[in-house]
Amino acid sequence: MGLFDRKKGLPADFFHGVTDMHCHLLPAVDDGFQTESSSIDGLKYMERLGFRQLILTPHVMMDYADNTRSHLEQLYDHYRQVVAESCGLKVRLAAEYMLDERFLSHQEEGWLYLNPTERIVLVETSYMYKIPDMDQYLYELTVTDNHVVIAHPERYVYADTDEFRHWKESGYSLQLNLVSLAGGYGRPAKDNAEYLLEAGMYDYVGTDMHKVSTFEQWLQALKLKSHQVDLLHELYENNARLFGA
Ligand SMILES: [Fe+2]
């Protein structure tokens, strides 16, 4: 640490055996991978990087009204066979829920949990605005014994350090998008990500991969200090617990 902890590219074994808990590889359901064949390329790419397990988190939001739990589970039923035939990765289906007007209605079908045993739900908000009902929605979710992970807090332009602290004090976990640290979402998101990582406020780390080429480009640009690498390994340990046995 200190003067001699210079930033370097990722160690070769950085992703060895790790779990991704946020990606858009389930094809043709959102703005992620659009075809089965591009998704298979994505799976093979992640396997080459060293990933062992993936939690698939398609967007569930008003813009993708077809993405009900039963619809996604039906598609996943086919996709898991595609995965088994294409690579050695273990996969599970969850979802990334947008905090929009329909958010609480998903409760009727039951949540697609990041971790069903611990009832952990991945949520996101609009990048630009904090919806007035956010705290109410999350209260309704957690009062029924669910737990919240807020996706990529570093990216929300309305969120400042007080907001981050408020989320942590409310008991919500925070998830870093790895390439935020490379500037993949701009300078303010990079600064937020470095702050939150350093402050020990992140609980999980995901790729949020929508497309191999974009992710790969930012991964190559990613330079980290060795103590940041150590902090990320701790987050990957949490990811593995999320996936379960
Ligand atoms: Fe996402």
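Values quoted throughout were computed directly from the atomic coordinates according to the rules given, and no laboratory measurement underlies them. Predicted, not measured: the structure shown is a model, and the values here were computed from it. Virtual Cβ from ideal backbone geometry, glycine too; neighbours counted across all protein chains shown.
Quick look at the numbers
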| item | result |
| --- | --- |
| Distant-in-sequence amide H partners of residue 205 (H built 1.01 Å from N, under 5 Å) | 176, 239 |
| Residue-span extension gain [residue 211 to residue 136] - 0.36 nm each, minus C-alpha spacing | 23.7 nm |
| Of all DSSP beta bridges in the chain, antiparallel share, percent nearest 5 | 10 |
| Linear extension gain, residue 105 paired with residue 77, 0.36 nm per residue minus alpha-carbon span | 7.7 nm |
| Inter-label distance, nm, simple model (7 Å from Cα along the C-beta direction), residue 41/residue 70 | 3.5 |
| FRET efficiency, 1/(1 + (r/R0)^6) with R0 51 Å, evaluated for residue 84 and residue 157 via beta carbons | 0.80 |
| Greater than 22 Å apart at Cα, pairs in 90/211; 130/190; 90/223; 130/225; 130/223; 8/190 | 90/223; 130/225; 130/223 |
| The stretch 31-163: relative contact order as a whole-number percent, Cα under 8 Å and 6+ apart | 22 |
| Length gained when the stretch residue 117-residue 28 is fully extended (0.36 nm per residue, less Cα-Cα span) | 29.2 nm |
| Burial ordering of 117, 125, fewest other beta-carbon atoms within 10 Å first | 117, 125 |
| Relative contact order of the chain, defined on C-alpha pairs under 8 angstrom at six or more residues apart (%) | 24 |
